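Student: What follows is a structure written as structure tokens; I'll ask about it next.
The values are calculated or read from the model by the stated rules, or taken from the named source; none is laboratory data. None of these values were measured; they are calculated from a predicted model. Counting neighbours? That spans all protein chains shown, and the Cβs are built from the backbone with ideal geometry, glycine included. Side chains are part of the model used for accessible areas, which takes the heavy atoms of the whole protein and leaves out ligands, DNA and RNA. Shrake-Rupley method; radii C 1.70, N 1.55, O 1.52, S 1.80 Å.
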Amino acid sequence: MSQQSDSESVSILLVEDNPGDVRLIQEAFRATGFEPTFHTVVDGDAALEFLREHVCETAGPSIDLVLLDLNLPRTDGFAVLEAIKDEQELMALPVIVLTSSKATEDIRKSYELCANAYLTKPSDPAEFAALGRAVEAFWIDEATLPSVCS
């Protein structure tokens, strides 16, 4: 995934139940000129189902990065992290927790469950663009990540 020059070749699974946050996150990336393909699901069950069906698909969408909220209906973000960590086919997938929680316990637990990063959602919609630039700059332009599928 490193040195991606074509944003259309980057697919992000956005796991977020708040439609307003979905819109803000997608607009944040568009504002930077980086327009990945977003696949959006609203709960942890749907996220795991999507990943299990598509993470190594050659005909369907391939996921490069997961943006994961913790506070989700049905299966929460911690359970999603645990499942990703425990499944051989998913464990190399980079996951960024993107949540409103600033709780020390949530941060600690996310990293214990192998989150690659923990970002707190900005309270100001204008700050979402800076977040989009930061994710693009590091995770898309600079980071060298293992292939999820071998």
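Student: What are the pairs, 6+ residues apart or on separate chains, where a residue within region 11-34 that is closer than 14 Å to E127 by Cβ has its Cβ under 7 Å from a residue that is in a helix (DSSP H, G or I) and open to solvent by 60 Å² or more (accessible area, probe 1.4 Å)?
Tutor: So the pair list comes out as T32/R133.
Student: Residues of region 91-119 being within 18 Å of L65 (Cβ to Cβ) and among the β-branched types (V, I, T), which ones? Before you say what the answer is, go through the steps one by one.
Tutor: Initially, region 91-119 is screened for residues within 18 Å of L65 (Cβ to Cβ), giving 91-99, 110-111, 113-119.
Within region 91-119, V95, I96, V97, T99 meet the criteria.
Student: Within region 87-106, is there a residue that is at pLDDT 90 or above, in a helix (DSSP H, G or I), open to solvent by 60 Å² or more (accessible area, probe 1.4 Å) and more than 24 Å from F29 (Cβ to Cβ)?
Tutor: There is at least one residue in region 87-106 that is at pLDDT 90 or above, in a helix (DSSP H, G or I), open to solvent by 60 Å² or more (accessible area, probe 1.4 Å) and more than 24 Å from F29 (Cβ to Cβ).
Student: Please go through (1) free of Cβ contacts under 8 Å to residues at least 60 places away in the same chain; (2) assigned to a loop (DSSP other than H, G, I, E, B) for I63 and return the number of the only condition it doesn't satisfy.
Tutor: Checking I63 against (1) free of Cβ contacts under 8 Å to residues at least 60 places away in the same chain; (2) assigned to a loop (DSSP other than H, G, I, E, B), the one that fails is (1).
Student: Filter region 25-45 for residues that are open to solvent by less than 30 Å² (accessible area, probe 1.4 Å) and in a helix (DSSP H, G or I); which is modelled with the highest pLDDT? Before you say what the answer is, go through the steps one by one.
Tutor: If we filter region 25-45 for residues that are open to solvent by less than 30 Å² (accessible area, probe 1.4 Å), which is where we start, we get 25, 28-29, 34, 36, 41, 43-44.
Those still in the list that are in a helix (DSSP H, G or I) too: 25, 28-29, 44.
Values: I25: 93, A28: 89, F29: 88, G44: 97.
Among them, the one singled out is G44.
Student: Checking H54 against (1) without any contact (Cβ under 8 Å) to a residue 24 or more places away in the chain; (2) surrounded by fewer than 16 Cβ atoms within 10 Å (Cβ to Cβ), which single condition isn't satisfied?
Tutor: Unmet for H54, out of (1) without any contact (Cβ under 8 Å) to a residue 24 or more places away in the chain; (2) surrounded by fewer than 16 Cβ atoms within 10 Å (Cβ to Cβ): (2).
Student: Are any residues in region 107-129 in contact (Cβ under 8 Å) with a residue 40 or more places away in the chain and open to solvent by less than 60 Å² (accessible area, probe 1.4 Å), and if so, which ones? Quick ask: steps written out before the conclusion?
Tutor: Let us first name the residues in region 107-129 that are in contact (Cβ under 8 Å) with a residue 40 or more places away in the chain, namely 110, 115, 121, 125, 128-129.
The answer is S110, A115, K121, F128, A129.
Student: Further question on the same structure: Of everything in region 107-121, what is over 16 Å from E16 (Cβ atoms), in a helix (DSSP H, G or I) and not aliphatic (A, V, I, L, M)? Give them in sequence order.
Tutor: R108, K109, Y111, E112
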